[in-house]
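Working notes for the structure below.
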Amino acid sequence: MATWSSYLRIALPVPSALAAMMRTDRVLAAWLRTRRALSMSPVQLAARRANMWRKLQPVIARTPALANYAGRDLAEFPVTDIADLRADYGAWNSLGMSDEELRGLAAAAEQGAAVGELSAGWSTGTGGGARGLFLASPAERADYIGQSLARLLPARALLKRQRLALHLRASNALYSDVGRGRFTFAHFPLEASIEQSVAELAQFEPTILIAPPHRLAAFAQAWAHFPSLQYLFCGSEPAGEAECHFFTKRLGVRPRQIYQATEGFLAAECANGRLHLNDHALAIELEPVPGTPGYRPIITDLRRTSQPIVRVRGDDYLELDACSCPCGFAGRVIHAPQGRVSDIWRFEGRAVTPPQVVAALEAELGGDKIWQAEAGPERVVLHLSPPCPDANSTPISTPSATTAARALSQACDLPVPVEVVHDLSAWSGPKRRKVVWRDG
């Protein structure tokens, strides 16, 4: 009987070039490590993380922002806000590169210029427009691919030829490296119109599609048909439960969520529909958010070496899911993030979280409507589609809008009025924010 190792060697090519062979072996090793970790107990995962932390110390010693703490326990390292990391990327790499060099490298990569083996680029960015720079060596990219294959696809999928369509703002070697052997890779930029994207995707005939929810929503509204599609993943921005049901109904495949940020590959949804933190490769501390049942992540990526991420505080608002998962992976289960800590609504010492807002509005509007809820100290504005929407949105009648505003006010016990404005005809990229807080 063939082992999973031999199956993966069949799925991944073994070119004649030594470098390509080494890359294939690294992907295989990462796949095997991750598959083993998926069956570990919480205690075993903790021991694995401790061992990985010890091995990371030489890298930390070469990273200016962290060097003075090398050799210490993780808890002794300072917590760094992501804005401070982004202020000087030169201090946050182990390669001796300056902030100016790294920004130039990422800018060149964005324009499609060859930048050598080191991969650099910019993240999609927050809803407010801030983007983060990321680095990855060939070994790190191989590790990322191996982890991703193990976390996202069943082993049997690796035995078949796959056509992977990445529908994000920009491509990068971090993703395109998978396009070898049985995997054919293609990038479809978000700047293209919905009609153009649908036509080009239909011609490519993807078996795997990764896209942000706002584009999946547009595809679903347009009744896009991709008959070859077998695996659908959404990431880079939140998606509500009702919205995911809408995607499933229209596109024919249930989407699974990927939670990834510039700080790392944080979580992935298993085949049972549970979003597990990647506790096999990251040490994610959960910092309580005052006045809420949720947390914000403090992220340490135990596999990254070019750009170490150690106790970096993210801004996503997370809530733990108390339900057990039969998939066997002991990684902690969270509810899909619905917004950022900075977008929690704060009124008179009380908080309204993004999941509360999403649940209230999806219960009334369903998953097929375009909306944005924007709050400030004195009012909430519910932005909805106009009476005559474009071809890629569903109209919301005045009675439904009034009912939705009332439902939001009652469900979240809002102390301020809710105003309805029909001014949201379509989502503009690269990333949407459905729940927004404007302080002042």
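General remarks:
- Given (1) closer than 22 Å to Pro238 by Cα; (2) of a type in the set (Ser, Thr, Tyr); (3) at pLDDT 90 or above, number of the condition Ser393 does not satisfy: (3)
- Filtered residue count, the range 306-350, keeping only those that are of a type in the set (S, T, N, Q) and buried (at least 23 other Cβ atoms within 10 Å of the Cβ): 2
- Test result for Ile334, farther than 19 Å from Gly146 by Cα and touching a residue at least 24 places away in the same chain (Cβ under 8 Å): yes
- Subset of the range 193-238 (residues that are small (Gly, Ala, Ser), surrounded by 17 or more Cβ atoms within 10 Å (Cβ to Cβ) and more than 25 Å from Ala271 (Cβ to Cβ)): Ser197, Ala218
- When restricted to residues that are under 19 Å from Asp368 (Cα atoms) and in contact with a Gly (Cβ under 8 Å, 6 or more places away or on another chain), the range 227-246 contains 9.
- Top-ranked residue of the range 308-337 - restricted to ones that are closer than 29 Å to Ala136 by Cα and out of contact with any Asp or Glu (no Cβ under 9 Å at 6 or more places or on another chain), ranked as modelled with the lowest pLDDT: Asp316
- Any hit, the range 420-439, residues being modelled with pLDDT of 90 or more, charged (D, E, K, R), assigned by TED's automatic domain parsing to the domain that holds Pro354 and not in a loop (DSSP other than H, G, I, E, B): no
- Residue among Ala120, Ala150, Ala114, Ala106 that is at pLDDT 90 or above, in the same structural domain as Asp315 (by TED's automatic domain parsing) and more than 16 Å from the chain's Cα centre (by Cα): Ala150
- Residue within the range 265-276 that is surrounded by fewer than 17 Cβ atoms within 10 Å (Cβ to Cβ), among the acidic types (Asp, Glu) and part of a strand (DSSP E or B) present: no
- Residue list for the range 248-264, filter: under 21 Å from Ser306 (Cα atoms) and in a loop (DSSP other than H, G, I, E, B): Thr262, Glu263
- As a summary of the residue check, Glu285 satisfies the conditions (1) under 19 Å from the mean Cα position of the chain (by Cα); (2) assigned to a loop (DSSP other than H, G, I, E, B) except for the one numbered (2).
- Counting only residues that are assigned to a loop (DSSP other than H, G, I, E, B), within 17 Å of the chain's Cα centre (by Cα) and either on the phi > 0 side of the Ramachandran plot or not charged (D, E, K, R) (or both), the range 297-330 holds 2 of them.
- Test result for Glu285, in the same structural domain as Asp88 (by TED's automatic domain parsing) and surrounded by fewer than 22 Cβ atoms within 10 Å (Cβ to Cβ): yes
- Scanning the range 34-54 for residues that are under 13 Å from Arg303 (Cβ atoms) and surrounded by fewer than 12 Cβ atoms within 10 Å (Cβ to Cβ) yields a single hit, Asn51.
- Residues satisfying the stated conditions in the range 348-370, i.e. at pLDDT 95 or above and outside any helix (DSSP H, G or I): Ala351, Val352, Thr353
The values are calculated or read from the model by the stated rules, or taken from the named source; none is laboratory data. What you see is a predicted model; the values in this text were computed from it and never measured. No Cβ is skipped: glycine too gets one built from the backbone with ideal geometry, and neighbour counts run over all protein chains shown.
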